[in-house]
Structure formats: C-alpha cells, structure tokens
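The values are calculated or read from the model by the stated rules, or taken from the named source; none is laboratory data. Owing to the predicted nature of the structure, the values given are computational and were not obtained by experimental measurement. Quick reminder, even Gly has a Cβ in these numbers, built from the backbone with ideal geometry, and neighbours come from all protein chains shown.
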C-alpha cells in the first residue's frame, strides 16, 4: 500500500471517530432544554427542518451537506403592544454570524411556536466547523441559548 493511501485511510478513520463522538455527544444533549430563569420560554430546540409547525429531525449536530439549521422555540407572552423576537447565531469564534427578527402583534400568546433558520449547504456557515450558539430574545429579554455543532468537510 502506498503512503498516500495509508494517510487517506487514517484521515477517514479519524473523521469517522470524530463523527461518532459528536453523534454520541449530540444524543446526550437531545432532551428538552428549558430556560430556567425565563417565565416565557417553554422549549428551545434545534433541528433540520419544520413539519406542520413542529421541529423535524431534532438534533444539535450538523454537517455541511445539511440544508439548514432550524432554531425552534415555544413561548407564552401577554403584551399590550407589538414586540420583537430575535435570534442571534454565534460562530465558534464567538462572533455574530446572523441576527433574525420577527415583529409580533400585541396579544396573548400561549404555547406559541415559531422558528428561524440559517442555510448550511453551499453557505458560509458550512465553512465554520465547531461549537455554535443560538440565542433567543423577546424584546431585550434574554430567553435562552442552545449550543450545536457543525462538523467540517470530510
């Protein structure tokens, strides 16, 4: 066997090991994450898509071939005026990657579900492997955050 072939096999084995470790770690963190100090947030989760207003393929582990990362959350809030929901996507380097906002009408929201996503496949996010964060705010009230992992190209 050539040296180049041995290096390629070793590289594949190493990536498979990293992938398996991340999948195991991802499965451990799959439980429902509540915002312990938030009276408004019931659940925040990540997945690969939305199906009938619910998160589809819930995970916190993504690869460059995935279409997108979806941040989904459920909250309750009573407001007499318009308010803003905000998602902040933070890169592994700790910088703001993207901020999304949704202006909501005044009203009583009980167990309201909403989501926001960023593109991965063929996007810049696919080139930033590591541990990311998604932070969710209601006006200027921090509701919670969730970590997720982006694996580099194999």
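Could you tell me which of the residues 37, 78 is closer than 18 Å to residue 136 by Cα, at pLDDT below 85 and over 15 Å from the mean Cα position of the chain (by Cα)?
After applying the criteria, what remains is 37.
When you check residue 154 against the structure, is it at pLDDT 90 or above and at negative phi, yes or no?
In short, no.
If we scan region 95-103, do we find a residue that is within 27 Å of residue 152 (Cα to Cα), buried (at least 19 other Cβ atoms within 10 Å of the Cβ) and under 15 Å from the mean Cα position of the chain (by Cα)?
no
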